[in-house]
Structures are given as C-alpha cells and as structure tokens.
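The values are calculated or read from the model by the stated rules, or taken from the named source; none is laboratory data. Since the model is a prediction, treat every value here as computed from it, not as a measurement. Backbone-built Cβ (ideal geometry, glycine too); neighbour counts: all protein chains shown.
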C-alpha cells in the first residue's frame, strides 16, 4: 500500500497559487500605480504653477496677461517628462492642467492586464483681481 499523505494538498496548492499571485500582483502593481498617480499630480501642479509664474510679472504690473505664452510654458513643463501626456486649457482666467501616465504591470500581466493608468490635475489663477 502506498503512502497517500499529501496527495490532497496538491489540488489545494494548485487552486491557491494563482490567487496568491494575483493578490501579490495587486499589491506590487497597485503600488506602482499609486506612485504614478503622485507623479501625475505633482507634474500637473508644477505645470499650472509654471503658467501662473509666467504671467506673474504682467499681473503685478497690471498689464495684459499673455495667455498663449502661459499655455506654452505649462506644455513645456509636461513635455520635459517622458511617458507623460497632458492637456492645458484656460477658462475664465484659470489654467487647468490634466496629466496622464501609463505604467506597465509586472505581475498583473500574467492575467492580461499590461498597463495601469494614472491621472493628475491642477488649476492656477492667471489673472488678478477681475
């Protein structure tokens, strides 16, 4: 008679191993997505701040604010970073910046999730007292 101890453990291991890999993938790749989210938020804030700084002298002097130049300055800040897309819009004297980053997955690619997206947004005032 053969010893069959441990034979019932094999189906359990086969069943639980994929679930463990997915949970580890959620932790590892979720952490990468959270880091990308912080990067996207920080970059959006930096671009909005650059647009506001670009118009600061004109605002303090009471002159005309060069909106297209401020938009170009914000877009230049976004363009300095690789792997980041962004949109810059101005409405009612406020610049709005939205950034988008895609991060490749490490473990979730085993189940077909190859990239995770992260977004950031920020606004800044371009015109002074209206």
Worksheet item: Just checking, how many residues over segment 96-115 are in contact with a helix residue (DSSP H, G or I) (Cβ under 6 Å, 6 or more places away or on another chain) and free of Cβ contacts under 8 Å to residues at least 60 places away in the same chain?
Response: 2
Item to complete: Kindly establish whether residue 93 is surrounded by 13 or more Cβ atoms within 10 Å (Cβ to Cβ), modelled with pLDDT under 90 and in contact with a strand residue (DSSP E or B) (Cβ under 7 Å, 6 or more places away or on another chain).
Response: yes
Response to the item:
Here the residues within segment 91-107 that are within 30 Å of residue 26 (Cβ to Cβ) and assigned to a strand (DSSP E or B) are 97, 98, 99, 100, 101, 102, 103, 104
Worksheet item: Within segment 68-85, how many residues turn out to be outside any strand (DSSP E or B), in contact with a strand residue (DSSP E or B) (Cβ under 8 Å, 6 or more places away or on another chain) and closer than 25 Å to residue 117 by Cβ?
Response: 5
Worksheet item: Just to be sure, is residue 93 under 20 Å from residue 50 (Cα atoms), more than 21 Å from the chain's Cα centre (by Cα) and touching a residue at least 12 places away in the same chain (Cβ under 8 Å)?
Response: yes
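Of 65, 88, which residue is within 15 Å of residue 126 (Cα to Cα) and in a loop (DSSP other than H, G, I, E, B)?
On the way: 88 fails: in a loop (DSSP other than H, G, I, E, B).
That would be 65, the only listed residue that is within 15 Å of residue 126 (Cα to Cα) and in a loop (DSSP other than H, G, I, E, B).
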Response to the item:
Given (1) surrounded by fewer than 13 Cβ atoms within 10 Å (Cβ to Cβ); (2) over 22 Å from residue 108 (Cβ atoms); (3) at pLDDT 90 or above, residue 78 misses just (1)
Item to complete: Of the numbered conditions (1) in a helix (DSSP H, G or I); (2) farther than 30 Å from residue 59 by Cα; (3) within 16 Å of the chain's Cα centre (by Cα), residue 110 fails exactly one; give the number of that condition.
Response: (3)
Worksheet item: Which ones in segment 23-39 are touching a helix residue (DSSP H, G or I) at 6+ places or on another chain (Cβ under 8 Å) and more than 9 Å from residue 116 (Cα to Cα)?
Response: 25, 26
Item to complete: Go through (1) assigned to a helix (DSSP H, G or I); (2) at pLDDT 90 or above; (3) within 30 Å of residue 17 (Cα to Cα) one by one and return the number of the condition residue 46 breaks.
Response: (3)
